[in-house]
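A quick write-up on the structure given underneath.
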Ligand SMILES: C[S@@+](CC[C@H](N)C(=O)[O-])C[C@H]1O[C@@H](n2cnc3c(N)ncnc32)[C@H](O)[C@@H]1O
């Protein structure tokens, strides 16, 4: 993904050669970041022009690129789209990643025309379609991509206004790929949409492929998120450090559906690892999300092969275990478990 980040740096250099050291750009990024965390329900991307545009390109776009780079290749492999419609595309952050891993035609939709013009320049010489509203007739062959735009939309319009066209497209066979920030106010709407899609009989490819309600929605204070590496270039990392947000990993929420009629259904059990395993006295345990909610996969230390497998599990892995064998909240493993393909989705 470094090629995409280098293209971003070149665009920044062309617009403002001193961007990386300019305190005014740093302050604009800090102001945008503070506004984002101060009132999560009133999130609105600032008009992308002047310092705000530079701050977006230097600080926020790399975040979108990192998340898309971790999720999109596997998602598009599942979706195999002929057309990718990037809704809330902004400066084209996720489309840049999509273009690097798919030949599908790109359609970028955003309320800010100026942002789309920046996107078209970043994506050149690719010939992309730009628009202000979703094209009609979305369905089979389309992937509808929302990168860091879904939460902003549902908090500025009604939930149904945003989710109805998504559900309609999914029922007509389109694939949905949503990527958003990993805080509670951004992540819960993604999980609420997941439950509606399951009711609509749309298959979930990731993060949790089971067909039961998302257990993270039971308590208002919970939400589901994952972590992805930011993998910044040295200049973008130095800029993030000046902004005061230089963590190597970031939290994000995401949802990927199977298109319908879909690629072959994944026949592994619908169980997904939620975090790194914990080694405890005499056993190793890891939480998994599956039918009927969160359970623990557990191996006794005396079962060496099982212990090794459970210890090697990581967030996003899909171990080949049968959740129906759970006793209480625990699925006991006493032999090696398969987890292929490892870490496809985070
Ligand atoms: C945080 S930016 C994300 C941009 C880009 N997808 C990314 O990952 O960097 C959110 C974008 O959603 C756009 N947006 C918000 N509400 C919208 C709507 N109802 N229709 C189209 N675009 C919208 C904003 O203009 C903004 O460009």
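Conditions tested, residue by residue: (1) farther than 25 Å from residue 155 by Cβ; (2) away from the ligand (no atom under 14 Å from the Cβ).
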position	(1), (2)
8	yes, no
15	yes, yes
18	yes, yes
26	yes, yes
29	no, no
34	no, yes
37	no, no
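Report, by residue number, each residue of segment 136-161 that is more than 28 Å from residue 56 (Cα to Cα) and at pLDDT below 95. None; the set is empty. Residue 154 meets all of the listed conditions (1) in contact with a helix residue (DSSP H, G or I) (Cβ under 8 Å, 6 or more places away or on another chain); (2) in a helix (DSSP H, G or I); (3) surrounded by fewer than 20 Cβ atoms within 10 Å (Cβ to Cβ) but one, namely (3). Restrict the check to segment 251-271 and report whether at least one residue is touching a strand residue (DSSP E or B) at 6+ places or on another chain (Cβ under 6 Å), part of a strand (DSSP E or B) and at pLDDT below 95. There is no residue in segment 251-271 that is touching a strand residue (DSSP E or B) at 6+ places or on another chain (Cβ under 6 Å), part of a strand (DSSP E or B) and at pLDDT below 95.
Of the numbered criteria (1) within 29 Å of residue 171 (Cα to Cα); (2) in contact (Cβ under 8 Å) with a residue 60 or more places away in the chain; (3) in a loop (DSSP other than H, G, I, E, B), the one residue 231 fails is (1). Are any residues in segment 281-305 more than 31 Å from the chain's Cα centre (by Cα) and outside any strand (DSSP E or B), and if so, which ones? Those that are more than 31 Å from the chain's Cα centre (by Cα) and outside any strand (DSSP E or B): 281, 282, 301, 302, 303, 304, 305. In this entry, residue 123 is excluded by the filter for residues that are buried (at least 24 other Cβ atoms within 10 Å of the Cβ) and assigned by TED's automatic domain parsing to the domain that holds residue 49.
Of all the criteria given as (1) more than 13 Å from the ligand (Cβ to nearest atom); (2) closer than 18 Å to residue 81 by Cβ; (3) without any contact (Cβ under 8 Å) to a residue 24 or more places away in the chain; (4) within 22 Å of the chain's Cα centre (by Cα), the one not satisfied by residue 136 is (4). For segment 160-186, which positions are farther than 19 Å from residue 45 by Cβ and part of a helix (DSSP H, G or I)? Answer for segment 160-186, where residues must be farther than 19 Å from residue 45 by Cβ and part of a helix (DSSP H, G or I): 160, 163, 164, 165, 166, 167, 168, 169, 170, 171, 184.
The helices (runs of 4 or more DSSP H) falling completely within segment 40-126 that include 1 or more residues that are at pLDDT 95 or above, more than 8 Å from the ligand (Cβ to nearest atom) and more than 22 Å from residue 26 (Cβ to Cβ) map to 61-79, 93-101, 113-123.
Of the residues that make up segment 70-80, is at least one touching a residue at least 24 places away in the same chain (Cβ under 8 Å) and either at positive phi or more than 16 Å from the chain's Cα centre (by Cα) (or both)? Looking for residues that are touching a residue at least 24 places away in the same chain (Cβ under 8 Å) and either at positive phi or more than 16 Å from the chain's Cα centre (by Cα) (or both), one finds at least one in segment 70-80, hence yes.
Residues in segment 284-325 that are surrounded by fewer than 19 Cβ atoms within 10 Å (Cβ to Cβ) and in contact with a helix residue (DSSP H, G or I) (Cβ under 6 Å, 6 or more places away or on another chain): 291, 293, 294, 301. Quick check, is residue 147 within 26 Å of residue 4 (Cα to Cα) and near the ligand (Cβ under 8 Å from one of its atoms)? Yes, satisfied.
The values are calculated or read from the model by the stated rules, or taken from the named source; none is laboratory data. Remember, it's a predicted structure, so these values are computed and weren't measured experimentally. Cβ coordinates were reconstructed from backbone atoms using ideal geometry, including for glycine residues, and neighbour counts include every protein chain displayed.
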